[in-house]
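Chemist: Just dropping this structure here.
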Amino acid sequence: CNQSQDNTQMFIACNGVSALVKILTYNIETEKQMISIALQTIMNIFSSQRATQQADFCRLFMKAGVLPPLSSILFN
């Protein structure tokens, strides 16, 4: 989703942000690899965007409720 602007727009349109946030709520003991892939995808999205686009993605991720599951992962 970070290879081109078109892919990023499709990712947003297909509710990809909410899907990534949902993956972060999986059981960390049994789904460690899937959670790792989701975290890497989030990092790739933010590293490939300009500052204004990063701010837009921050709003999308916060609206999707990324903070609680992300905090839980970081504590583990």
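Chemist: Say each of residue 52 and residue 28 gets a label point 7 Å from the Cα, pointing the same way as Cα to Cβ; how far apart are those two points in nm?
Modeler: Rounded to a tenth, the inter-label distance reads 3.7 nm.
Chemist: Something else about it: Mind pulling the angle between the C-alpha long axis of helix 51-63 and the longest principal axis of the chain? Nearest 10 degrees, somewhere in 0 to 90.
Modeler: Result, in degrees: 40.
Chemist: Can you tell me the Rg and the Dmax, both Å, for the Cα atoms in the chain?
Modeler: Using the Cα atoms of the chain, the pair Rg, Dmax is 12.2, 36 Å.
Chemist: If you count only protein heavy atoms with a 1.4 Å probe, what accessible area per residue comes out for the chain, rounded to a whole Å²?
Modeler: The answer is 68 Å² per residue.
Chemist: So, one more: Can you show me the helix-derived [θ] at 222 nm for the chain, built from DSSP H runs with n ≥ 4 at -39,500 (n - 2.57) apiece and divided by the number of residues, rounded to the nearest 500.
Modeler: -22500 deg cm²/dmol
Chemist: Here's something else I'd like to know. With an 8 Å Cα cut-off and a minimum separation of 6 or more residues, compute the relative contact order for the chain in percent.
Modeler: 38 percent
Chemist: Then there's this: When the chain is fully extended, how far beyond the present Cα-Cα distance does residue 76 get from residue 63, taking 0.36 nm per residue of separation?
Modeler: 2.3 nm
The values are calculated or read from the model by the stated rules, or taken from the named source; none is laboratory data. Please read all numbers here as calculations on a predicted model, not as lab measurements. Quick reminder, even Gly has a Cβ in these numbers, built from the backbone with ideal geometry, and neighbours come from all protein chains shown. With ligands, DNA and RNA removed, areas are computed over all heavy atoms of the protein, side chains included. Shrake-Rupley method; radii C 1.70, N 1.55, O 1.52, S 1.80 Å.
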